[in-house]
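To keep things clear, I will list the structure first and then write my remarks on it.
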Amino acid sequence: MSDEQINNQDNIEERSATETGHEEDFAQLFEQSAQLAKRLEPGQKVTTRVAGISGDFVYIDLGGKSEGIIDRKELLNEEGVVTIQDGDELEAYFVTVENGARKFTTLIHSFPSITLQSIKNAFDADIPVTGKVASELKGGYEIRVGKVRCFCPYSQMDLKGSRDAGTYIGETYPFKVLEYKERGRNIILSRRALLEKELEKEKEKLKEILAVGMDVGGKVRSIQRFGVFVDIGGIDGLIPLSELSWIKGGKAGDLVSIGDQLTTRILEIDWERDRITLSLKAILPDPFLSVPEKYPVHSTVRGIVVRLESFGAFVNLEPGIDGLIPISKLGAGRRINHPKEVLETGQEVETRVVDVSPEKRRLTLSMERKIVMEEVDLPAVGTLLETKVERVISSGIIVRIKEGLTGFIPNVEMGTLKGTNHAKMFPVGSLMQAVVLATDPSRGRVSLSRTKVDEKLELDSYTQYRDKVKEEERSDEKLGSLGELLRNKLGL
């Protein structure tokens, strides 16, 4: 083959390759264009560039050789000047195919030139429009979308249905067209629908991020009697009242304020019910960890009674630290049915630490005095005592017998009429005689009676009289025996 033939063959192959390449490029572009047209759905947002401006339309590049059109009026400012130029990037929403052209809109920008037809297109394509809150009307707000008057009910303005007009009037927001009726004479908008949609998006993001045990920051949005709602980034979490602080019995409003920025720990997540439970105290130092050192067993402590339950009384020693006095250790000197019989909320008491369990967060106290058997000298049954009133309770009177020992006089042993006001008749510090009815050495308890005092005094008087008579009789016998001896001695 000659050189000329070889060159001709090369040129033919080159042109063939070039033509084949052009055919492939065209096929690829055609396929991309077809796929794009197939993919586009009403309301779909695209980010694109301006390909040209001609007549009543702005042409946008959809990739390959595909183009879409936007009504030129949408992109005019108040002076009627087009606000964009070739090559500018913008966001647009696909509306429909009209006369073979794919039509888009930028209604989200809400320029004054928006027409009723534009809003109708937005309604059909389910795309948002931007409007300005012009004024408050009965039942809602007047919204201006360009020069078109629309209406937004109170319930559709935000997620809470707020009626605080001052917050919204003059502000511009995106809205969804809920209703388009009577050829545009009745247009209902909703901002809430878009907020809920954004909230769902945020929720989906959070589902991938949040996990139990994670620490998250948030802003206090609402304070209720049962806890605090915190916005943790598009979704609310609840801090129950019990998780706000180690201090029990406080009010949520005394611990945090609306707008406070908090760091909390996630305790529970329930996406099905859209519930996230948070804890503030979980990231705060636990005051109970210092209890074994500050309140060792056998130490004497003072505190305030904060709660009475059927099983005992809770005593607050310091913020965040409560101890329990079991009902069996209230030291009343008798069996009681409820702590309210001997204590009342707010009362200051002196107690003794009998057990500490940091693992169970348990601090057990006792109002019973520490009994050391060899040091306790309980009075004998039947002994008449001089006592001093220490406390008056509903079931009787607790009296002090001596240092470190008290006794209990039940109402039935007081010797007073039923319904007598013992607190008034026997104020604290009053002296009172009482007779020992029974003792319990194992618990250091003494039961007393006031009704037995007169009986005891009479018995003591009789006993003294009887002893005196016996003594006199013995004296007389001694004298008689001495006289007989004298007479015998003298021989009389």
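Numbers at a glance
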| quantity | calculated |
| --- | --- |
| Of the chymotrypsin sites (Phe, Trp or Tyr not before Pro) in segment 94-175, those whose Cβ has at most 14 other Cβ within 10 Å and which sit in DSSP loop | none |
| Net charge of Cβ neighbours under 12 Å - reference residue 48; Lys, Arg +1; Asp, Glu -1 | -2 |
| Share of pairwise Cα separations in segment 103-232, more than 25 Å, in percent | 36 |
| Estimated inter-spin distance, residue 289 and residue 359, nm [label 7 Å along Cα→Cβ] | 1.8 |
| Extended-chain gain in nm, criterion 0.36 nm per residue less alpha-carbon gap, residue 416 and residue 254 | 53.5 nm |
| Solvent-accessible area per residue, Å², over segment 350-433 with all protein chains present [probe radius 1.4 Å] | 59 |
| Hydrodynamic radius (Kirkwood) for segment 251-294, which is based on Cα pairs only, to one decimal in Å | 13.0 |
| Stokes-Einstein translational diffusion, segment 327-463 - Kirkwood Rh over all Cα pairs, 0.890 mPa s, 25 °C, in µm²/s | 151 |
| FRET efficiency estimate (nearest 0.05) - Cβ-Cβ, residue 340 to residue 185, R0 51 angstrom | 0.10 |
| Residue 219/residue 44 FRET efficiency (R0 35 Å; Cβ-Cβ; nearest 0.05) | 0.55 |
| Stretchable slack from residue 378 to residue 97, in nm (0.36 nm times residue separation minus alpha-carbon distance) | 90.6 nm |
| Gained length - residue 270 relative to residue 120, 0.36 nm times residue gap less alpha-carbon distance | 50.0 nm |
| Relative contact order (percent, whole number), segment 225-292, Cα cutoff 8 Å, 6+ residue spacing | 31 |
| Mean Cα-pair separation over length for segment 253-376, i.e. relative contact order, pairs under 8 Å, 6 or more apart, % | 22 |
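The values are calculated or read from the model by the stated rules, or taken from the named source; none is laboratory data. Since we're looking at a predicted model, the values are computed, not measured. Every residue, glycine among them, receives a Cβ derived from its backbone with ideal geometry; neighbour counts consider all protein chains shown. Calculation scope for accessible area: heavy atoms of the full protein, side chains included, ligands and nucleic acids excluded. Shrake-Rupley method; radii C 1.70, N 1.55, O 1.52, S 1.80 Å.
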